[in-house]
Every structure is written in C-alpha cells, then in structure tokens.
1. Just to be sure I understand the filter: pairs with C-beta atoms under 8 Å, separated by 6 or more residues or on different chains, first member in segment 104-131 and among the β-branched types (Val, Ile, Thr), second member outside any helix (DSSP H, G or I) and surrounded by 13 or more Cβ atoms within 10 Å (Cβ to Cβ). Which pairs pass?
2. I want to confirm something. Restricting to segment 113-127 and keeping residues that are farther than 14 Å from PRO44 by Cβ and assigned to a loop (DSSP other than H, G, I, E, B), which single residue is farthest from the chain's Cα centre (by Cα)?
3. Residue by residue through segment 80-103, note down the ones that are in a helix (DSSP H, G or I), free of Cβ contacts under 8 Å to residues at least 40 places away in the same chain and open to solvent by 60 Å² or more (accessible area, probe 1.4 Å).
4. Under 6 Å between Cβ atoms, which residue pairs at least 6 apart in sequence (or on different chains) link something in segment 199-219 that is open to solvent by 60 Å² or more (accessible area, probe 1.4 Å) with a partner that is assigned to a helix (DSSP H, G or I) and of a type outside the set (D, E, K, R)?
5. I'm told VAL70 meets every condition in (1) without any contact (Cβ under 8 Å) to a residue 24 or more places away in the chain; (2) buried (at least 19 other Cβ atoms within 10 Å of the Cβ) except one. Can you identify the failing condition by its number?
6. Hey, can you tell me all the residues within segment 249-267 that are under 25 Å from SER108 (Cβ atoms), open to solvent by 30 Å² or more (accessible area, probe 1.4 Å), part of a loop (DSSP other than H, G, I, E, B) and not hydroxyl-bearing (Ser, Thr, Tyr)?
7. Restricting segment 32-54 to residues that are free of Cβ contacts under 8 Å to residues at least 12 places away in the same chain and not in a loop (DSSP other than H, G, I, E, B), which is least open to solvent (accessible area, probe 1.4 Å)?
8. From the list LEU184, LEU167, exactly one residue is touching a residue at least 12 places away in the same chain (Cβ under 8 Å), in contact with a helix residue (DSSP H, G or I) (Cβ under 8 Å, 6 or more places away or on another chain), aliphatic (A, V, I, L, M) and open to solvent by less than 60 Å² (accessible area, probe 1.4 Å). Which is it?
Amino acid sequence: MAASEQEPRRSVRPLEDSIRTDLGQGLSYAAYLDLERLLAAQHPRSRPEHHDELLFIVQHQTSELWLKLVLHELRAARRYLSDDDLGPALKCLARVKHVARTLTEQWSVLATLTPREYAQFRGSLGTASGFQSAQYRAVEFVLGNKDRALLRVFAGDPAAAAMLTGLLEEPTLYDEFLRLLARLGFAVPPAVLGRDVREAWTFQPDLVPVFREIYESAETPWGVYEACESLVDIEDDIQFWRFRHLRTVQRTIGFKTGTGGSSGVGFLRRALDLTFFPELYAVRTEIGS
C-alpha cells in the first residue's frame, strides 16, 4: 500500500499564514453586508412559532432583494438608452435576465411547503400579500405595465407611493429604446414617440414594420437586433416567473382567496395575458411572409 494511502484523511484545511484573523481594525464580511441587521430581519408571527414560517419569510425577502437589483439595472439600462449608449444597456439587460431566472427557480424552494404546513401559519400573515410589493410594481411600471389605480395600494407608504408616482410619470424602458431607434434612423411613428408615457403601453401596429425591417435587413446593427431579442427574453422570463408563481400558489392553497383580498389563482392567471412588448412578438408572424 502506498504511503499516501496509509495516511489518515484530514477534514481540516490549515489556514494560510497570510489570512487575516484579527479584524478588530478592519472591515469584516459581516460588517460590509450589514449581516447583523439582515439576519435579524426575519420575524415569524405564528405563536407558537411554526417551523416553516422562516422559509416563507426568507423566500420573500430574498425575492425583494433580487427585485431591488432588477429595478436598479432596468433604470440604468433606460438611462444608457437615452444617452445612445447601447452596449452598457445590453449588459444591464443581460443581468436582469439572469436574476429573473433565479427568481423563477426560487419558487421550487417554496413549493416544498405542503398545503397543511402553510395552513398552520397562513393566518399569521393577516392582510399581507405579495400583491403589495412596491418593487414588483416598480419593475412592471418601468417595463410599461402602468396602472395609476395601483397607487391606492401604497397610500399608507409615502416612500413607495413617491417611487411609483415618479416611475408613472417617466418614460419606460421601451419608450427609451424606441426613441433610440428613431435617432438611429428607423421610422418609428411620431405618434408613438409622442405618446403619454403615464399610460400603460398598448399594441401599436405601425411599429411592426419597423421591427420587421430590423429583423430582416442585413444592414441592421447587431446591437439593435440583440436589444430586441433581450427585451423578448425579459418578457419571457417574467412570464415564466408569473406562471411558476401561479402553480406554486395553486399547489399550496388551491383556489382559496389571497390574503390581500384577490381571487387568488384566478387573479394570477389573468396576469399571464399581460404583455410588455407586443410588437416584438407580432413581428414574428410577418417575418418571411
């Protein structure tokens, strides 16, 4: 038997001499991430505390952290587009796509919660509901699904109401992309460029020929084509997220009403009919015709 095979396997990795262990005067990992506050922010309401309520809270808190990043990246992409800086905008959109996929996969963790387990602490939620997520509404506003009526939900939260009101008044990501296309010489209809950005986006048939040119012309700058496909990717990713949300809710509470007062699964299913960039889907029917 070789000598190396005779030696017992060690499960300890020796510290390297260069590793800092005295952080009394330096910035530590916990301090940088503010872990003391972050890890103390989970407050189960069930009494006695139900084992699975922590899962429910962590799932939604991490989703809010990812939504914060998505909103950060979408706002940056919008700003880059308004500055004719397509490259960095595409980088932001690429990151959004990865985050959206992570958010979708997270539903598989919550789906480990059985209907009986959730029923044992669901009453502790009171009227709290994911429908009340200001950051999710902000993401939808930036992407074009604006609805002034939703501001009523946040009347008791001045900061959230101010954020959403600001986004309601500002151009969407799609608005800025179309303005960029116009500056690049594409025939975006003036009525589209001058639309009331406070309103939700509605299908604009006159835009379809513009996108057909982009998709069919060999002269189209690659970045423009890539941006179109990135927007489609983002819409697809959000639709996958919505669908996984719906299916997770259905397997957990069936067809009960939501804690926030919605019809539950039926309300979530209607969200699947919403679209952000309808012309980018409609053009596919025209390509090659």
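The values are calculated or read from the model by the stated rules, or taken from the named source; none is laboratory data. Just so we're clear, the structure is a prediction, and the values are computed from it rather than from any experiment. Note that we place each Cβ from the backbone using ideal geometry, even for glycine, and neighbour counts take in every protein chain shown. These area figures cover heavy atoms from the full protein model, side chains too; ligands, DNA and RNA do not enter into them. Shrake-Rupley method; radii C 1.70, N 1.55, O 1.52, S 1.80 Å.
1. Partner pairs satisfying both residue conditions: THR127/THR259; THR127/GLY260.
2. THR114
3. TYR80, LYS91, ARG95, HIS98
4. PHE203/PRO278; ARG212/VAL283
5. (1)
6. Correct list: PHE255, LYS256, GLY260.
7. LEU35
8. Within the list LEU184, LEU167, the selection yields LEU167.
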